[in-house]
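Please treat every number below as a calculation from the coordinates, not as lab data. All figures in this text were calculated on a predicted structure; none of them were measured in a lab. Backbone-built Cβ (ideal geometry, glycine too); neighbour counts: all protein chains shown.
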Amino acid sequence: MPILSGRFRANAPVRALVAAVLMLECAAAGAQATKKAQASVRRESPASPASQLEGAWKMVKSRNPATGQLLDIPGEIEITKLITGGRYAWIAARNGQAVGGMGGTCAVTANGYTETVTYALGQNDKALVGTSQKFTWTIEDGVWHHKGTLRLGNRTQEIDEYWERVR
């Protein structure tokens, strides 16, 4: 006696098609659930501190340490900072002419940012070569707030800068 009666044998291709459709729907549902779970993990797991600062930044504001006034960077001045792979470099240009810059290594933690200066352009900045400077940092609404005190011997200079990511 056959395992399937004639009635079920006639419907075997239909049953195979239904089974295939059900398997595809299950696979699609599983893939969708996996994507949602991965997206949830990405939202709940913030990027590492270093990766949040990686990239190109343009200074848009700086606080005058003498007056406390927050000032826009004038249009003829452009200050760009690059951070990648544990290194940083910034350059300042006025009317298309480089007027200063510095670079070296950097270390980023959840509440701190340290630059170790290995080279500098401009007479005022060369004295910082070989020093490490510590700052605090936050990013809010895509703006990096970089704050600290440059120290060189007995001299200090307050740094309070706002940077936007270059796109």
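Once amide H atoms are built 1.01 Å from N in the peptide plane, which residues 5 or more positions from Gly100, or in another chain, come under 5 Å H to H?
Placed amide hydrogens put Ala92 under 5 Å from Gly100.
Keeping to pairs on different chains or 8 or more places apart, tell me how many lysine pairs in the stretch 49-165 have Cα atoms under 18 Å apart.
The number of close lysine pairs in the stretch 49-165 is 9.
Can you compute the modelled spin-label distance between Arg87 and Asn111, with each label point 7 Å from Cα toward Cβ, in nm?
Label-label distance for Arg87 and Asn111, simple model: 3.1 nm.
Give the whole-number value, in cubic angstrom per residue, of the convex hull volume spanned by the C-alpha atoms of the stretch 116-167.
It is 96 Å³ per residue.
Expressed in nm to one decimal, what extension gain is obtained for the pair His145 and Thr80 from 0.36 nm per residue of sequence separation less their Cα-Cα distance?
Net length gain for the segment: 22.0 nm.
Determine, at each q value in 0.18, 0.19, 0.23 (inverse angstroms), the log₁₀ of I(q)/I(0) that the Debye formula gives when each Cα of the stretch 49-165 is one equal point scatterer.
Ignoring solvent entirely, the Cα scatterers give -0.99, -1.12, -1.69.
Output wanted: per-residue J couplings in Hz (rounded whole) for the stretch 66-81, from phi through Karplus 6.51 cos²θ - 1.76 cosθ + 1.60, θ = phi - 60°, x for Gly and Pro.
Per residue, the Karplus-derived 3J(HN,Hα) values read 6, 10, x, 7, 7, 10, 5, 6, x, x, 7, 10, 10, 10, 10, 10 Hz.
Can you give me the long-range amide H partners of Val60? Hydrogens built in the peptide plane at 1.01 Å from N, cutoff under 5 Å, separation of 5 or more residues or another chain.
Placed amide hydrogens put Tyr162, Trp163, Glu164 under 5 Å from Val60.
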